[in-house]
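**Student:** Below you will find the structure I want to go over with you.
The values are calculated or read from the model by the stated rules, or taken from the named source; none is laboratory data. In this text, all values refer to a predicted model and were calculated from it rather than measured experimentally. Cβ: placed from backbone, ideal geometry, glycine included. Neighbour counts: every protein chain shown. Ligands, DNA and RNA are stripped out before the accessible areas are found, and what is left, the full protein with its side chains, is counted by its heavy atoms. Shrake-Rupley method; radii C 1.70, N 1.55, O 1.52, S 1.80 Å.
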Amino acid sequence: MRISKLFGKTQREVPAEAETASHQLLLRAGMISQVAAGVYAYMPLAWRALTKIENIIRDEMDKAGGQELMMPALQPLELWQESGRDVAFGKGLFVLADRRDRKLALGPTHEEVITQMVSRNVQSYRDLPLLLYHIQTKFRDEPRPRGGLLRVREFTMKDLYSFDIDQDGLDQSYNKMLQAYNNIYARCGLPSLVVEADSGAIGGKDSHEFMVIAETGEDEVIRCEKCPYSANAEKAESVKGPVGGGEPLPVEEVATPGMTTIEQVSGFLGIAPNRTLKAIFYIADGEFVFVAIRGDLEVNEIKLKNALHCAELRLATEAEVLDAGIVAGSASSIGITGIRVVADDSVTTGTNFVAGANKPDTHVRNVNYPRDFKADILTDIALARAGDECPRCGSRLSSVRGIEVGHVFKLGTFLSEKLGASFIDASGISRPIVMGCYGIGIGRLLAAAIEQNHDDKGIIWPMSIAPYQVYLCPLYRENSRVSEVTETLYEKLEAEGLEVLMDDREESPGVKFNDADLLGIPLRVTVSPRTLEKDSVEVKLRSNKDAEIVPLEKVTTRLKELIKG
RNA sequence: CGGGGCGUAGCGCAGUUUGGUUAGCGCGCAGCGUUCGGGACGCUGAGGUCGGUGGUUCAAAUCCACUCGCCCCGACCA
């Protein structure tokens, strides 16, 4: 490709709306063009890189036994009502009406469609297992798109769905995908981290995310400094106790004038925060909920949401707390009736806690679970934090930010049951198909690759996903030897199957070199009168500082070596 | 949805507070010439319904109202 013909220009100045590195560089390199908030057009350079990523994914999916197919973006809303996930996706679902006023959804994902299709085509255990995938545009009406391609409303996603006869089969399919995903990220030149994850609106049990570590990542990953444990902060666990307290003693009231926060109460009474119990109030799908947790811990709202099985969860307002008859600042679940109580299991890690007395300026000592109060739900709803102990090995946990570039779920049978996807097993009994799903956001992967591979000059593409492999850069094209050699070299390299971007513009060396660095093509070949004096060209890796002089007759061989790595 | 910011040429901005000729600057773009191994220079030139609608006024980029769009933080979400 000749740059003079390439659609898309580089920009010297950083567009005002872009803050993250990948967003800025994609715009400056002339790779993307914004159409609306979270909606982008991909220009030729970006499209080439995206296509390369797709093909790597395709290759690994096929190797793992996947069959590629294609499903529509347009789906009847009834299908989503049938599975019940129209509620889970809520406003994230793009809904529209056709001319007969039938409601349609723009698919945010395709489990419903594929499950219906599989249920029509699978009757026997002999038809299973199946691994089916497609690469399709998906639509999600994000509350807030951001960071260029990092979070968008219309995006290309590879989704594979697995169909098995039982849990063992699912585990096998799942492991195949874990392996395939590791291969994909490695081949894209991206070190990735597998972390335990919450399954969110997709639903299901086991779930893992693939993270690319980056400052600009939206997710917090909690991981152990010693053992392999790592999890999304939404899901992460940590060791909570024990905090002691001795033999349970009789409850006794204590005056705590003006003390309403854990800090104040523990300070006033001269005890550690972990010797207290804290009360927090939420509204879960309209219901007032009382939450109790040890004073030194914070509530993980994702865990709480999962424990309550609710779609919407928010903190209660002061007015709502008052309405519920709660004495804010001195509240506890002791003697509370008519309100659902969710307690973090940390309330059982010690004895003789200090908690609210449900009257102003008063707390009680020696509160013990379950002697003094009972929870309707007792489970882990605490936020794990850096510095906490690892739940696996007891070492310290630390925290990093990451970009979620892939997510895999063990769905189980809830969708196949809802949508009637079943098979007849070997003993002639009808059973629901056991499902899994495995997604990769292609554009986000591209953005993550740039987040992780750039410097202050521009992008540094990993070879495998670079739009072109070679940036052929003639200086002083008016020199006839330069232009002749460059043209010959260009044709030869292309004929040899190398992907070459030739800078055939009448620009100064500085402009060309800076654009070469901005575009980040892995190999730069400079042809100039100076190099031709020695019948050579200069070859430089974008990722390296130094260049090497390569004789003309050896250029092709040398470039091929460098491309192989 | 809550908070903050911004819409003036392809990009980055000034001008708006205090209304007043043909609305500026830099980059980029077109032509000519001189340069050119890390974003050169000179000359000439093209390019703008000042996001939109309505209002106030002799007069609106500038004041008022409404509205649309975009970015950032939070909520939420894969």
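**Student:** When you scan segment A:32-44, how many residues do you find that are buried (at least 19 other Cβ atoms within 10 Å of the Cβ) and away from RNA strand B (no atom under 15 Å from the Cβ)?
**Tutor:** Selection size over segment A:32-44: 1.
**Student:** Next question, about the same structure. Would you mind telling me which numbered condition in (1) open to solvent by 50 Å² or more (accessible area, probe 1.4 Å); (2) in contact with a helix residue (DSSP H, G or I) (Cβ under 7 Å, 6 or more places away or on another chain); (3) over 24 Å from A:L446 (Cβ atoms) A:D127 fails?
**Tutor:** For A:D127, the exception is condition (2).
**Student:** To continue, here is another question. Does A:R481 count as over 19 Å from A:R28 (Cα atoms) and either modelled with pLDDT of 95 or more or within 13 Å of RNA strand B (Cβ to nearest atom) (or both)?
**Tutor:** Numbers: over 19 Å from A:R28 (Cα atoms): yes; either modelled with pLDDT of 95 or more or within 13 Å of RNA strand B (Cβ to nearest atom) (or both): yes.
Against the criterion (over 19 Å from A:R28 (Cα atoms) and either modelled with pLDDT of 95 or more or within 13 Å of RNA strand B (Cβ to nearest atom) (or both)), A:R481 qualifies.
**Student:** Please indicate, with yes or no, whether at least one residue in segment A:73-86 is in a strand (DSSP E or B) and closer than 30 Å to A:K457 by Cα.
**Tutor:** no
**Student:** Report whether or not A:Q116 is part of a helix (DSSP H, G or I), at pLDDT below 95 and over 24 Å from the mean Cα position of the chain (by Cα).
**Tutor:** On the way: part of a helix (DSSP H, G or I): yes; at pLDDT below 95: no; over 24 Å from the mean Cα position of the chain (by Cα): yes.
Answer is no for this residue.
**Student:** Here's a follow-up. Return yes or no: is A:L193 surrounded by fewer than 20 Cβ atoms within 10 Å (Cβ to Cβ) and closer than 29 Å to A:Q24 by Cβ?
**Tutor:** Values: surrounded by fewer than 20 Cβ atoms within 10 Å (Cβ to Cβ): yes; closer than 29 Å to A:Q24 by Cβ: yes.
Yes.
**Student:** Taking strands (runs of 3 or more DSSP E) that do not extend beyond segment A:190-243, which have at least 3 residues that are in contact with a Ser or Thr (Cβ under 7 Å, 6 or more places away or on another chain) and away from RNA strand B (no atom under 13 Å from the Cβ)? Steps first, please.
**Tutor:** Details: elements: A:193-196, A:207-213, A:219-224, A:230-232.
So the answer is A:219-224.
**Student:** Right, here's the next one. Residues A:A311, A:A272: which one is surrounded by fewer than 17 Cβ atoms within 10 Å (Cβ to Cβ), more than 30 Å from A:D198 (Cα to Cα) and out of contact with any Pro (no Cβ under 8 Å at 6 or more places or on another chain)? Before the answer, list the steps.
**Tutor:** On the way: A:A311 fails: more than 30 Å from A:D198 (Cα to Cα).
Only one candidate passes the filter, namely A:A272.
**Student:** Residue check, A:G497 against (1) near RNA strand B (Cβ under 10 Å from one of its atoms); (2) part of a loop (DSSP other than H, G, I, E, B), all met but one. Which one?
**Tutor:** So A:G497 meets the others, but not (1).
**Student:** Test of understanding: among A:G338, A:G329, which residue is without any contact (Cβ under 8 Å) to a residue 12 or more places away in the chain and either in a loop (DSSP other than H, G, I, E, B) or in contact with a strand residue (DSSP E or B) (Cβ under 7 Å, 6 or more places away or on another chain) (or both)? Show your work before the answer.
**Tutor:** Details: A:G329 fails: without any contact (Cβ under 8 Å) to a residue 12 or more places away in the chain.
The unique qualifying residue is A:G338.
Residue-by-condition table, conditions (1) open to solvent by 30 Å² or more (accessible area, probe 1.4 Å); (2) without any contact (Cβ under 8 Å) to a residue 12 or more places away in the chain; (3) away from RNA strand B (no atom under 16 Å from the Cβ):
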{"position": "A:C390", "(1), (2), (3)": "no, no, yes"}
{"position": "A:S399", "(1), (2), (3)": "yes, no, no"}
{"position": "A:L411", "(1), (2), (3)": "no, no, no"}
{"position": "A:L419", "(1), (2), (3)": "no, no, yes"}
{"position": "A:I424", "(1), (2), (3)": "yes, no, yes"}
{"position": "A:L446", "(1), (2), (3)": "no, no, no"}
{"position": "A:E451", "(1), (2), (3)": "no, no, no"}
{"position": "A:R477", "(1), (2), (3)": "yes, no, no"}
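**Student:** Restricting attention to segment A:500-518, which residues are open to solvent by 10 Å² or more (accessible area, probe 1.4 Å) and in contact with a strand residue (DSSP E or B) (Cβ under 7 Å, 6 or more places away or on another chain)? Full working, then the answer.
**Tutor:** Keep residues of segment A:500-518 that are open to solvent by 10 Å² or more (accessible area, probe 1.4 Å), which gives A:504-511, A:513-515, A:517.
The answer is A:D504, A:D517.
**Student:** Then there's this: Looking only at residues that are open to solvent by 90 Å² or more (accessible area, probe 1.4 Å) and more than 16 Å from RNA strand B (Cβ to nearest atom) in segment A:76-105, which one is farthest from A:K418 (Cα to Cα)?
**Tutor:** Start the filter on segment A:76-105 by keeping residues that are open to solvent by 90 Å² or more (accessible area, probe 1.4 Å), which leaves A:78, A:81-82, A:87, A:91, A:99-103.
Narrowing further to those that are more than 16 Å from RNA strand B (Cβ to nearest atom): A:78, A:81-82, A:99-103.
Working: A:E78: 13, A:Q81: 10, A:E82: 7, A:R99: 29, A:R100: 27, A:D101: 25, A:R102: 22, A:K103: 20 Å.
Per the stated criteria, the residue is A:R99.
**Student:** Mind checking whether some residue in segment A:212-226 is over 17 Å from the mean Cα position of the chain (by Cα), more than 28 Å from A:V354 (Cα to Cα) and among the charged types (D, E, K, R)?
**Tutor:** Going residue by residue through segment A:212-226, those that are over 17 Å from the mean Cα position of the chain (by Cα) are A:224-226.
Filter once more, so that each one left must be more than 28 Å from A:V354 (Cα to Cα): A:224-226.
Add one more test, that the residue is among the charged types (D, E, K, R), and what stays is A:225-226.
Yes: segment A:212-226 contains one or more residues that are over 17 Å from the mean Cα position of the chain (by Cα), more than 28 Å from A:V354 (Cα to Cα) and among the charged types (D, E, K, R).
**Student:** Moving on. Tell me which residues, restricted to segment A:81-118, are among the polar types (S, T, N, Q) and closer than 21 Å to A:G439 by Cα. First the steps, then the outcome.
**Tutor:** Of the residues in segment A:81-118, the ones among the polar types (S, T, N, Q) are A:81, A:83, A:109, A:115-116.
Of everything in segment A:81-118, those that are among the polar types (S, T, N, Q) and closer than 21 Å to A:G439 by Cα turn out to be A:S83, A:T109, A:T115, A:Q116.
**Student:** Looking only at residues in segment A:1-17 that are assigned to a loop (DSSP other than H, G, I, E, B) and more than 7 Å from RNA strand B (Cβ to nearest atom), which one is most open to solvent (accessible area, probe 1.4 Å)? Reasoning before the result, please.
**Tutor:** To start, the set of residues in segment A:1-17 that are assigned to a loop (DSSP other than H, G, I, E, B) comprises A:1, A:6-17.
Still in the list and also more than 7 Å from RNA strand B (Cβ to nearest atom): A:1, A:6-8.
Details: A:M1: 62, A:L6: 26, A:F7: 141, A:G8: 25 Å².
Among them, the one singled out is A:F7.
**Student:** Give segment A:404-436 a look and list any residue that's among the hydrophobic types (A, V, I, L, M, F, W, C) and part of a strand (DSSP E or B), or say none.
**Tutor:** Here is the first cut: in segment A:404-436, the ones among the hydrophobic types (A, V, I, L, M, F, W, C) are A:405, A:408-409, A:411, A:414-415, A:419, A:421, A:423-424, A:426, A:429, A:433-435.
Hits for segment A:404-436 are A:V405, A:V408, A:F409, A:L411, A:F423, A:I424, A:V434, A:M435.
**Student:** Same structure, new question: Take A:M61 and decide whether it is in contact (Cβ under 8 Å) with a residue 60 or more places away in the chain and not in a helix (DSSP H, G or I).
**Tutor:** Numbers: in contact (Cβ under 8 Å) with a residue 60 or more places away in the chain: yes; not in a helix (DSSP H, G or I): no.
Against the criterion (in contact (Cβ under 8 Å) with a residue 60 or more places away in the chain and not in a helix (DSSP H, G or I)), A:M61 does not qualify.
**Student:** Still on this structure, I have one more. Just checking, which of A:R385, A:R371 is part of a loop (DSSP other than H, G, I, E, B), within 23 Å of A:E218 (Cα to Cα) and among the charged types (D, E, K, R)? Explain how you work it out, then say what you get.
**Tutor:** On the way: A:R371 fails: within 23 Å of A:E218 (Cα to Cα).
Being part of a loop (DSSP other than H, G, I, E, B), within 23 Å of A:E218 (Cα to Cα) and among the charged types (D, E, K, R) holds for just one of A:R385, A:R371, which is A:R385.
**Student:** Kindly indicate the residue of segment A:130-148 that is among the basic types (K, R) and either touching a helix residue (DSSP H, G or I) at 6+ places or on another chain (Cβ under 7 Å) or within 7 Å of RNA strand B (Cβ to nearest atom) (or both) and also least open to solvent (accessible area, probe 1.4 Å) among those meeting that condition.
**Tutor:** So the first thing to find is which residues in segment A:130-148 are among the basic types (K, R), and the list is A:138, A:140, A:144, A:146.
Right, trim to either touching a helix residue (DSSP H, G or I) at 6+ places or on another chain (Cβ under 7 Å) or within 7 Å of RNA strand B (Cβ to nearest atom) (or both) and you get A:140, A:144, A:146.
Details: A:R140: 51, A:R144: 135, A:R146: 97 Å².
Restricting to residues being among the basic types (K, R) and either touching a helix residue (DSSP H, G or I) at 6+ places or on another chain (Cβ under 7 Å) or within 7 Å of RNA strand B (Cβ to nearest atom) (or both), the top hit is A:R140.
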